[in-house]
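Everything below concerns the one structure shown next.
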Amino acid sequence: MTIPDAIVLGPFALSVRLLVPVLSFALAALLGRILLRNEHELRRSVFDTLMNGVLLFFLGWKLTPVLGLLIRNPEHILTDPMIALYIPGGRLGGLVGLIFIAAYLSVLFLRSRERLLQAAAPIALIAGSAFFLSAVAGLGIEIVRTVGGDVGAGRLTAVELNGTERPLYPRSGKPVVLNFWATWCGPCRAENEVKTRLFEAYGDSIDLIGVNLIGTEAGSSAVAAYAEQWELSFPIVLDHGGQVASAYAVRGTPTTVFINAESQVVERVFGAMSFSQAERIVRSMLP
């Protein structure tokens, strides 16, 4: 059995990894509303606190990578401000988000201690239920993927922009990272810096290859111009006919497939990655 990385609804592709915690929180919140259906003031206090906490976490998670990119490569943000919508926060962004929540709860405690203490138990119940549901669902997905034997798609090749055929399978003991992308894809643009940093840091130890979905492009010249504009230094191949994307069950962009030296897919990530996430997976494949 195969668990998809994304659920495709027309032109939209929704990440399963993102949907799991979102749906878990929604179910836990529904449980909380049922339990507090007769406590109108308490219910409002609980959900106001929860929503403010969620918004502050998202703000910290999103602002952290944006500020980091402004420091490292300000021209990326200034040239294309929309990529700020797609940059993932990673572990550091998550930590900053938790700090924002802690600061908010501290201020709320100082201003209205009785209100916060009264709402603490329902909030803990909802948050705990959401975490439990998310953990169980996530574990179930990983078990199904493991049992399903998520292996490589064989000895595939594709053609680079210069017309040279390039193998897309591990050679000389090097793991392979295949990143499926398109020039029109917003999250792909947000991920360009991550891929460039990953190639610069681990280019001698892995084969990082950008697999462009040329069937959705205006032509190879548009892909070449995009690569030059974004200074993409890693190899780029064109997936004519979509055979490579089909072989790896790619349903949306960006999707990154991590293949170890034994030609086994060890991880498949849908959506823009943070550098820390990509680096963690790459290190797990290296001796």
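Can you name the residue in segment 246-260 that is at pLDDT below 90 and not polar (S, T, N, Q) and is also surrounded by the most Cβ atoms within 10 Å (Cβ to Cβ) among such residues?
Among those that are at pLDDT below 90 and not polar (S, T, N, Q), it is 250.
Note down all Cβ pairs under 7 Å where the first residue falls in segment 179-196 and is free of Cβ contacts under 8 Å to residues at least 60 places away in the same chain and farther than 17 Å from residue 268 by Cβ, the second is surrounded by fewer than 24 Cβ atoms within 10 Å (Cβ to Cβ) and among the hydrophobic types (A, V, I, L, M, F, W, C), and they're at least six residues apart or on different chains.
183/222; 183/223; 196/232
Filter segment 276-287 down to the residues that are crowded, with 20+ Cβ neighbours inside 10 Å and within 12 Å of the chain's Cα centre (by Cα) and list them by number.
The one that is crowded, with 20+ Cβ neighbours inside 10 Å and within 12 Å of the chain's Cα centre (by Cα): 278.
Counting just the residues of segment 188-203 that are farther than 20 Å from residue 238 by Cβ and in contact with a Ser or Thr (Cβ under 8 Å, 6 or more places away or on another chain), which one comes out surrounded by the most Cβ atoms within 10 Å (Cβ to Cβ)?
Looking at the filtered set, the residue picked out is 194.
Taking residue 177 as the residue in question, decide whether it is at pLDDT 90 or above, of a type in the set (A, V, I, L, M), within 19 Å of residue 278 (Cα to Cα) and outside any helix (DSSP H, G or I).
Considered against the rule, which asks whether it is at pLDDT 90 or above, of a type in the set (A, V, I, L, M), within 19 Å of residue 278 (Cα to Cα) and outside any helix (DSSP H, G or I), residue 177 comes out as yes.
Which residues, counting only those in segment 194-216, are out of contact with any Phe, Trp or Tyr (no Cβ under 8 Å at 6 or more places or on another chain) and of a type outside the set (S, T, N, Q)?
200, 201, 202, 204, 206, 207, 214, 215
Among the residues of segment 212-225, what is the count of those that are touching a residue at least 60 places away in the same chain (Cβ under 8 Å) and either in contact with a helix residue (DSSP H, G or I) (Cβ under 9 Å, 6 or more places away or on another chain) or not in a helix (DSSP H, G or I) (or both)?
Residues meeting the conditions: 1.
In segment 236-275, how many residues are part of a helix (DSSP H, G or I) and under 11 Å from the mean Cα position of the chain (by Cα)? Before the answer, list the steps.
Of the residues in segment 236-275, the ones part of a helix (DSSP H, G or I) are 240-247, 275.
With under 11 Å from the mean Cα position of the chain (by Cα) added as a condition, the list becomes 275.
So the count comes out to 1.
Which residue, of 228, 262, is touching a residue at least 24 places away in the same chain (Cβ under 8 Å), out of contact with any Asp or Glu (no Cβ under 7 Å at 6 or more places or on another chain) and acidic (Asp, Glu)?
262
Among the candidates 209, 236, which residue alone is β-branched (Val, Ile, Thr), without any contact (Cβ under 8 Å) to a residue 60 or more places away in the chain and crowded, with 18+ Cβ neighbours inside 10 Å? Full working, then the answer.
Working: 236 fails: without any contact (Cβ under 8 Å) to a residue 60 or more places away in the chain.
Answer to the check: 209.
List the helices (runs of 4 or more DSSP H) that sit entirely inside segment 1-110 and contain at least 3 residues that are at pLDDT 85 or above and surrounded by 15 or more Cβ atoms within 10 Å (Cβ to Cβ). Write out each step before concluding.
Details: elements: 16-35, 40-72, 74-79.
In segment 1-110, the matching helices (runs of 4 or more DSSP H) lie at 16-35, 40-72.
The values are calculated or read from the model by the stated rules, or taken from the named source; none is laboratory data. Here the structure is a predicted model, which is why all the values come from computation and not from measurement. Quick reminder, even Gly has a Cβ in these numbers, built from the backbone with ideal geometry, and neighbours come from all protein chains shown.
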